[in-house]
Amino acid sequence: MPIRELTEQDAAEYWALRLRALREDPEAFGSSYEESKDRPLQQTNERLREGATSGDSFTLGAYDEGRLVGMVVIVRAPNEKSRHTANLYSMYVAPEARGRGYGRALVGAAIERARAMPGLEQIYLAVVTTNTSARSLYLSVGFEIYGIIPRALKLGETYLDEEEMVLWLHPARAGSAS
């Protein structure tokens, strides 16, 4: 199951999968298909390039027979006081590839790469409470729930609660003041 960092050369394929995710699973993302569909591909090129050069973010892709079927993004906080944290965003596996370990492999690869980032101590994410498969995956790899945001998203007339989760990259130091 090939997983690798996506680069500028992957921008079109990545953006197509991202738009598919927003269109087919709108409850799983804070962005909507409607507000994203007309965004220029150049923005995706720039984001992938900046991630590769800054070392503060990365986008991983999972491939099945040469086709991008999954993605995950890690972005480190930019400010001095919060640079010990990062956020996991845009986790998605195409429906035809689900149930075959791509999600676990993507999250695992993202965590391992994040562990290698100097000074990074914790990763945050938010997941809609009704997304039981994503919740289970995150909990199984060590994320802990630390809060719930009621009505965090509104899709049409439906409100969705989100659980806030954290993964301590160095558990022996978790929660300790330094």
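Some notes on this structure:
Listed here are the residues, each with its yes/no results for (1) over 16 Å from the mean Cα position of the chain (by Cα); (2) of a type in the set (Asp, Glu).
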residue: Glu35; (1), (2): yes, yes
residue: Asp38; (1), (2): yes, yes
residue: Arg49; (1), (2): yes, no
residue: Thr53; (1), (2): yes, no
residue: Thr59; (1), (2): no, no
residue: Ala77; (1), (2): no, no
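- Selection of segment 28-39 for residues being without any contact (Cβ under 8 Å) to a residue 40 or more places away in the chain, open to solvent by less than 70 Å² (accessible area, probe 1.4 Å) and in a loop (DSSP other than H, G, I, E, B) yields Ser31, Ser32.
- Filtered by the rule that a residue be open to solvent by 60 Å² or more (accessible area, probe 1.4 Å) and not charged (D, E, K, R), segment 70-83 gives Pro78, Asn79.
- Some residue of segment 30-39 being modelled with pLDDT of 90 or more and closer than 27 Å to Met117 by Cβ: yes
- Of the residues making up segment 46-69, just one is open to solvent by less than 20 Å² (accessible area, probe 1.4 Å), in a helix (DSSP H, G or I) and not aliphatic (A, V, I, L, M), namely Gly51.
- Residue count for segment 40-97 satisfying the condition of being under 20 Å from Glu144 (Cα atoms), in contact (Cβ under 8 Å) with a residue 40 or more places away in the chain and of a type in the set (Gly, Ala, Ser): 1.
- Count of segment 104-121 residues which are free of Cβ contacts under 8 Å to residues at least 40 places away in the same chain and touching a Phe, Trp or Tyr at 6+ places or on another chain (Cβ under 9 Å): 1
- Where Gly61 falls short, out of the listed (1) of a type in the set (Gly, Ala, Ser); (2) at pLDDT below 95; (3) over 29 Å from Asp161 (Cβ atoms): (2)
The values are calculated or read from the model by the stated rules, or taken from the named source; none is laboratory data. None of the values given here were measured: they were computed from a predicted structure. Note: ideal-geometry Cβ built from the backbone for every residue, glycine included; neighbour counts use all protein chains shown. With ligands, DNA and RNA removed, areas are computed over all heavy atoms of the protein, side chains included. Shrake-Rupley method; radii C 1.70, N 1.55, O 1.52, S 1.80 Å.
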